[in-house]
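Attaching a single structure in structure tokens format; questions to follow.
The values are calculated or read from the model by the stated rules, or taken from the named source; none is laboratory data. The structure displayed is predicted, hence computed values, not measured ones. For neighbour counting, all protein chains shown are included, and Cβ atoms are generated from backbone atoms with ideal geometry for every residue, glycine included.
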């Protein structure tokens with residue numbers, strides 16, 4: 001009796017060898033970089049995230065069907081002495097992947113990589129919106145170009161109108177009033193961790209910081225309350241049907257209990273995104 005696993009179907013390639021066009025294919029980009037987290041006084045460890053997530057994703061059972069996608073893992077290394085330089089490299093990878101028609105999963109690394117990922121997504125999917133699943137708004141201003149894990153959506157909102165961004169999982173003790181005002185003045189929709197996943201029409205890009213999830217300890221800034229694993233998984237199941245990109249950030253395996261829950265859960269989300277498995281069964285709140 002056969003028991004195929006994803007490890008048998010992951011194709012590791014360089015950007016140079018990535019196919020010129022993609023039909024039913026996923027590419028995984030890896031950002032083993034937590035300098036932005038450290039710049040934000042967060043707990044380091046997210047640099048180890050991509051390798052740990054892939055370890056558990058490789059163990060997942062392969063779904064054999066005519067619609068099973070090809071899966072590529074980009075093996076290129078981030079280059080550049082500065083975080084901004086490495087963001088430019090990540091943006092180049094994302095640009096190439098989206099331009100060639102791949103569905104993209106990006107693995108962090110700090111949530112500062114949410115900026116190059118989300119920016120590229122909105123440039124390619126003009127009618128798309130971004131759902132940021134996070135305990136934090138991440139709209140801190142750049143301080144003399146010093147990038148932190150809390151600056152991703154400040155940078156995004158310098159390029160795109162606020163209605164392109166929806167925040168879900170936000171915790172008030174993590175949100176300065178000035179940051180809330182900044183978002184609301186620009187038309188960003190804000191949903192707290194106590195609310196249901198917002199209903200969003202049309203294409204959706206997913207930016208998921210694992211610190212939004214209550215039970216996950218292995219992150220740079222853990223919280224004691226937050227979204228349930230089921231709520232986040234259901235959101236990925238729902239939106240994966242019409243999403244070309246999902247980013248998973250701030251998985252820090254060295255900060256986990258022995259069970260490595262952060263990496264396991266991130267791998268589970270990636271698995272369901274890859275196979276577009278199922279539709280949301282719960283009632284969703286409305287986004288106007």
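Please find, within segment 220-247, the residue that is surrounded by the most Cβ atoms within 10 Å (Cβ to Cβ) out of those that are within 16 Å of residue 53 (Cβ to Cβ) and free of Cβ contacts under 8 Å to residues at least 60 places away in the same chain.
Only one residue fits best here, namely 236.
Without any contact (Cβ under 8 Å) to a residue 12 or more places away in the chain and surrounded by fewer than 19 Cβ atoms within 10 Å (Cβ to Cβ) - does that describe any residue in segment 189-199?
For segment 189-199, residues without any contact (Cβ under 8 Å) to a residue 12 or more places away in the chain and surrounded by fewer than 19 Cβ atoms within 10 Å (Cβ to Cβ): present.
Picking from 206, 268, which residue would you name as being closer than 22 Å to residue 68 by Cα, modelled with pLDDT of 95 or more and surrounded by fewer than 20 Cβ atoms within 10 Å (Cβ to Cβ)?
Exactly one of 206, 268 is closer than 22 Å to residue 68 by Cα, modelled with pLDDT of 95 or more and surrounded by fewer than 20 Cβ atoms within 10 Å (Cβ to Cβ), namely 268.
Can you name every residue in segment 187-242 that is under 21 Å from residue 177 (Cβ atoms) and in a loop (DSSP other than H, G, I, E, B)?
Residues satisfying the conditions are 187, 188, 193, 194, 195, 221, 223, 225, 226.
May I pose another question? Can you tell me which of 101, 114 is surrounded by 24 or more Cβ atoms within 10 Å (Cβ to Cβ) and in contact (Cβ under 8 Å) with a residue 60 or more places away in the chain?
The conditions single out 114.
Which one of the conditions (1) surrounded by fewer than 21 Cβ atoms within 10 Å (Cβ to Cβ); (2) part of a loop (DSSP other than H, G, I, E, B); (3) in contact with a helix residue (DSSP H, G or I) (Cβ under 7 Å, 6 or more places away or on another chain) does residue 127 fail to meet, given that it meets all the rest?
Residue 127 satisfies all of (1) surrounded by fewer than 21 Cβ atoms within 10 Å (Cβ to Cβ); (2) part of a loop (DSSP other than H, G, I, E, B); (3) in contact with a helix residue (DSSP H, G or I) (Cβ under 7 Å, 6 or more places away or on another chain) except (3).
Then there is this: Being in contact (Cβ under 8 Å) with a residue 12 or more places away in the chain and either closer than 24 Å to residue 30 by Cβ or in contact with a helix residue (DSSP H, G or I) (Cβ under 7 Å, 6 or more places away or on another chain) (or both): is that true of residue 214 here?
no
So if I check each of 154, 121, which one is in contact with a strand residue (DSSP E or B) (Cβ under 7 Å, 6 or more places away or on another chain), part of a helix (DSSP H, G or I) and closer than 26 Å to residue 98 by Cβ?
121
On the basis of being assigned to a loop (DSSP other than H, G, I, E, B), surrounded by fewer than 15 Cβ atoms within 10 Å (Cβ to Cβ) and modelled with pLDDT of 95 or more, does residue 76 make the cut?
no
Next question, about the same structure. If we keep just the residues of segment 135-172 that are modelled with pLDDT of 95 or more and on the phi > 0 side of the Ramachandran plot, which is surrounded by the fewest Cβ atoms within 10 Å (Cβ to Cβ)?
Among them, the one singled out is 138.
For segment 34-55, which residues satisfy the criterion of being in contact with a helix residue (DSSP H, G or I) (Cβ under 9 Å, 6 or more places away or on another chain) and either under 16 Å from residue 104 (Cα atoms) or loosely packed, with under 15 Cβ neighbours inside 10 Å (or both)?
Passing the criteria: 51, 53, 54.
Please go through segment 175-186 and pick out each residue that is assigned to a helix (DSSP H, G or I) and either at pLDDT below 95 or crowded, with 17+ Cβ neighbours inside 10 Å (or both).
179, 180, 182, 183
Say whether the condition of being at pLDDT 95 or above, in a loop (DSSP other than H, G, I, E, B) and under 16 Å from residue 107 (Cβ atoms) is met by at least one residue in segment 15-33.
Yes - at least one qualifying residue is present in segment 15-33.
Take residue 58 and decide whether it is within 28 Å of residue 162 (Cβ to Cβ), surrounded by fewer than 19 Cβ atoms within 10 Å (Cβ to Cβ) and in contact with a helix residue (DSSP H, G or I) (Cβ under 8 Å, 6 or more places away or on another chain).
Against the criterion (within 28 Å of residue 162 (Cβ to Cβ), surrounded by fewer than 19 Cβ atoms within 10 Å (Cβ to Cβ) and in contact with a helix residue (DSSP H, G or I) (Cβ under 8 Å, 6 or more places away or on another chain)), residue 58 does not qualify.
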